[in-house]
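The block underneath contains the structure these notes are about, expressed in structure tokens.
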Amino acid sequence: MAGRLGDRLRERVPELGVRRVISLRRSPGGLSTENYYVEVETEGGISRWVMRMEPPAGVLEPYDVIREYRIIKALEGSGVPVPKVFYAEEDPEPLGGRFFLMEFVEGKVFVHTDPVFQQDGELKAKVHTAFIELLAKMHKTPPPEALLPPLEGMSYGESEVQRCKQRLEQIELLPDPLMRYVIQKLEEYVPAEGPRVIVHGDFRLSNMIWREGKVVALLDWERARLGDPLSDVGFSYQSFLHGWCSVSGQFAQLYTRLTGFEVDEKRLAFFKLLEFVKTLLVGLSAPSALARGENSDLRLFSVSFAGISLEPMALTFLEELIEKAEGGADR
Amino acid sequence: MIYLTSSQILKAVKRSLENNIVPEVQTDYARVQLSSAILAIQEVISRFEDGDPCLKENGQIERSMVGLAEDVKDKFPMLSNRLKECLLEANSLSDPREKNRFLKEGLWGLLKSANGEEAKCILQCIHEYMKGTIVEEQKWLNPEAIASLH
């Protein structure tokens, strides 16, 4: 594959000055879009890049790495830190999937479970604040045209619920009455339309690269769309992904101060459940991706278990939604 | 190789992978694929020896539905009767996945039109069998695979 990549780059983007691709190594990280570390010899010396390639099937269908490339490209220089992207290949033939190339960003990646946060409260507060500041910055940045818009004629909330419903229909190998019920309830409780901003869709610590105390790259834009800022806020309430690093309490106040967007409890309850359902659908998609025989990543067995084991938690988010929506001011 | 049962063959393959291949694998990505493959082989061995896990889940669903039908027979007699009818009809299905599908569709049919306390009772029944499913599915958890996802 390294040889084919080198040939393609020399043919299509001679300005990159690629002499040869020394190695192409699949990264163990990430789940859906395939990440490869690329070591290349260019006219300027040895460089390390990252290649993101669309799998034929997976847990985040439909894939569109070209859209992701365009979003990142549009955000260059916006103040939202993104890796520099070099080239997008729209033809799946040469390597077996569409892909794009971006710089390899050196730095530190945190996860909320890092023991360092238990020992260093100051660092924890600093990281949490920077997390909120970046979210606010992104939500206030003019949305690029490449972002996936809501379905025609629908509000963002309606559109997202519709997408969840369609996705569940696609992936159900056996009926899942709990998920069907939760999505039915989401349909009932869609809130009034809010502002439309860049929704990252997977805004969490492990998608951020830090250097010298600040985020130098926000990664994984495959779930980005044009939508309600409370989507990313609601996503931060999934304790197994975020732990303490959520947009709540004083950090929600900071977010509101920076953006002017209220974290309204009623609307938030809807987005918490919506985002949780979207996360569950990732896990519940795994058996279907394997059953179709189009994905060879056996980690999907474990991902499937994660989805199943978390599913009953949807009832807790649902109870909160129904309780908060009582009175129905926002319906 | 008629001397070996299917599970003996798979156990031999699993041992070979664990003893001969795992130590030789160089990259993290290949290693996590291999450990997941070994887990899958173990599951197929268990299916040869202990049967299809779908049968177990069907049993759990049936027990939850029988329990619910009994619990609500005075308060929601219609629901109780429909649960019993669904259970009875499901008994005619011999394929475990067909039966599983039938039972879950049956529960969904009841749940989608239920309100208030009736819906809560059905959700409780679903939650009940799901607890068993989660315990059963735990064997698929490969911590190395989950850790690599961050």
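Every number in this text was worked out from the coordinates using simple rules, so none of it is lab data. Quantities reported herein were computed from a predicted structural model and do not represent experimental measurements. As a convention, Cβ positions derive from the backbone with ideal geometry for all residues, glycine included, and neighbour counts pool all protein chains shown.
How large is the convex hull of the Cα atoms of segment B:53-137 per residue, expressed in Å³ as a whole number?
Each residue corresponds to 77 Å³ of Cα convex hull volume.
For Cα pairs less than 8 Å apart in space and 6+ apart in sequence, what is the mean separation divided by the residue count of segment A:111-197, i.e. the relative contact order in percent?
33
Output the Cα-based Rg and Dmax of the protein assembly as shown in Å, rounding Rg to one decimal and Dmax to a whole number.
Here Rg and the maximum Cα pair distance are 24.5, 82 Å.
In chain A, which longest range has no GluC sites (Glu not before Pro) that are both DSSP loop (not H, G, I, E or B) and surrounded by at most 15 other Cβ atoms within 10 Å?
Answer - A:213-261.
Listing B:F76, A:F235, A:F317 from the residue with the fewest other Cβ atoms within 10 Å to the one with the most, what is the order?
Ranked by crowding around the Cβ, least crowded first: B:F76, A:F317, A:F235.
Work the Kirkwood hydrodynamic radius out for segment A:133-216: mean of 1/r over every pair of different alpha-carbon atoms, inverted, in Å.
Kirkwood hydrodynamic radius for segment A:133-216: 15.5 Å.
For segment A:2-103, what's the relative contact order in percent, using C-alpha pairs closer than 8 Å and at least 6 residues apart?
Across segment A:2-103, relative contact order equals 22 percent.
If you add up the charges near A:T113, with Lys and Arg at +1 and Asp and Glu at -1, over every other residue whose beta carbon is less than 15 angstrom from its beta carbon, what do you get?
Once positives and negatives cancel, what remains is +1.
Using a cut-off of 13 Å between alpha-carbon atoms, which aspartates and glutamates can reach A:K108, once sequence neighbours fewer than 8 places away in the same chain are excluded?
A:E212
What net charge is computed for the residues neighbouring B:P53, neighbours being all others with C-beta under 13 Å from the C-beta of B:P53, Lys and Arg scored +1, Asp and Glu -1?
-3
What share of Cα pairs, in percent, lie more than 29 angstrom apart in segment A:116-325?
In whole percent, the long-distance tail amounts to 26.
Count neighbours as other Cβ atoms within 10 Å of each site's Cβ, and list the GluC sites (Glu not before Pro) in segment B:28-57 that are DSSP loop with at most 14 such neighbours.
Qualifying residues, ordered by number: none.
How much mean residue ellipticity at 222 nm does the protein assembly as shown get from its helices, if each DSSP H run of length 4 or more adds -39500 (n - 2.57) and you divide by all residues, to the nearest 500 deg cm²/dmol?
That calculation yields -17000 deg cm²/dmol at 222 nm.
If you average the sequence gap of Cα pairs under 8 Å that are 6 or more apart and divide by the length of segment A:70-129, what percent do you get for the contact order?
The value is 20 percent.
Among the aspartates and glutamates, which fall within straight-line cross-link reach of A:K84, defined as a Cα-Cα distance under 12 Å, with same-chain neighbours fewer than 8 residues apart omitted?
Answer for A:K84, where 12 Å is the Cα cut-off: A:E76, A:E103, listed by chain and number.
Just from the alpha-carbon atoms, what are the Rg and Dmax of segment A:2-103 in angstroms?
13.4, 38
Report the antiparallel proportion of the DSSP beta bridges in chain A as a percent, rounded to a multiple of 5.
Of the beta bridges lying entirely in chain A, close to 95 percent run antiparallel.
Would you kindly state the longest site-free stretch of chain B, with sites defined as trypsin sites (Lys or Arg not before Pro) in a DSSP loop (not H, G, I, E, B) surrounded by at most 15 other Cβ atoms within 10 Å?
It runs B:1-72.
Grab the alpha carbons of chain B, take their convex hull, and tell me the volume per residue in Å³.
138
Which ordering of A:H242, B:H127 is given by a fewest-first count of other beta-carbon atoms within 10 Å?
Final ranking by Cβ density, sparse to dense: B:H127, A:H242.
Using the structure shown, select from A:K73/A:K324; A:K137/A:K266; A:K266/B:K139; A:K214/A:K272 the pairs with a Cα to Cα distance greater than 29 angstrom.
Checking Cα-Cα distances, A:K73/A:K324; A:K266/B:K139 exceed 29 Å.
Can you sort B:M1, A:M313 from fewest to most other Cβ atoms within 10 Å of each residue's own Cβ?
So the ranking, lowest neighbour count to highest, is B:M1, A:M313.
What is the local net charge at A:E93, summed over the other residues whose Cβ is closer than 15 Å to its Cβ (Lys, Arg +1; Asp, Glu -1)?
-2
Where does the Debye-calculated log10 I(q)/I(0) of segment B:6-50 sit at q = 0.19, 0.22, 0.23, 0.27 Å⁻¹, using only Cα point scatterers of equal weight, no solvent?
Ignoring solvent entirely, the Cα scatterers give -0.56, -0.70, -0.74, -0.91.
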